[in-house]
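Working notes, structure below.
The values are calculated or read from the model by the stated rules, or taken from the named source; none is laboratory data. Nothing here was measured: the structure is a model prediction, and the numbers come from that model. Neighbour counts run over all protein chains shown; Cβ positions are idealised from the backbone, glycine included. All accessible areas refer to the heavy atoms of the entire protein, side chains included, with ligands and DNA or RNA removed. Shrake-Rupley method; radii C 1.70, N 1.55, O 1.52, S 1.80 Å.
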Amino acid sequence: QVQVVESGGGLVQPGGSLRLSCAASGSIFSITTMGWYRQAPGNQRELVAAITRGGITEYSDSVKGRFTISRDNPKNTVYLQMNSLKPEDTAVYYCNSRPFYLNWGQGTQVTVSS
């Protein structure tokens, strides 16, 4: 089964940007839709962005207009460009298929704070 490893998180000030990467151990071409999820302390894991194999994207209302998801099928990598970050974006970010059926990775911590 495809394994995923997320990276690119960190501490950033409000209004800043980060680019997350999700590297898969195998081909993601066969996975119709890939998504980025996040989980803040005390909250359930939520889907924030998804992209189909053909490049059709969708976003949660909370990130629409600020985040951009993309995928590079030959490189088996999915990205999440996050701009205009807010403190409420603080969470551990994960990638997985949508609906999720891959093993969850360790995630990457994003902290937005001044």
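Here are some notes:
- Residue-span extension gain [residue 5 to residue 17] - 0.36 nm each, minus C-alpha spacing: 2.3 nm
- Carbon + sulfur, % of accessible area of the chain - ligands and nucleic acids excluded, 1.4 Å: 50
- Taking a sphere under 14 Å around the Cβ of residue 35 and counting the other residues whose Cβ falls inside, with K and R at +1 and D and E at -1, yields a net charge of +2.
- HN-Hα J in Hz across the range 34-46 - Karplus 6.51, -1.76, 1.60, θ = phi - 60°, x for Gly and Pro: 10, x, 10, 10, 9, 9, 8, x, x, 10, 6, 5, 10
- Solvent exposure of the range 4-46 as accessible area per residue, Å², 1.4 Å probe: 52
- Spacing of the two label points (7 Å from each Cα toward its C-beta) at residue 75 and residue 29, in nm: 1.7
- Student exercise, the chain dipole from Lys, Arg, Asp, Glu Cβ charges, in Debye to nearest 20: 160
- Estimated vicinal HN-Hα couplings, Hz - the range 91-108 in sequence order (Karplus 6.51, -1.76, 1.60; Gly, Pro = x): 4, 8, 9, 10, 10, 6, 5, 10, x, 6, 9, 7, 5, 5, x, 7, x, 9
- Label-point separation, residue 111 to residue 56 (7 Å along Cα→Cβ), nm: 4.0
- Modelled FRET efficiency - R0 35 Å, residue 101 with residue 68, Cβ distances, 0.05 increments: 0.90
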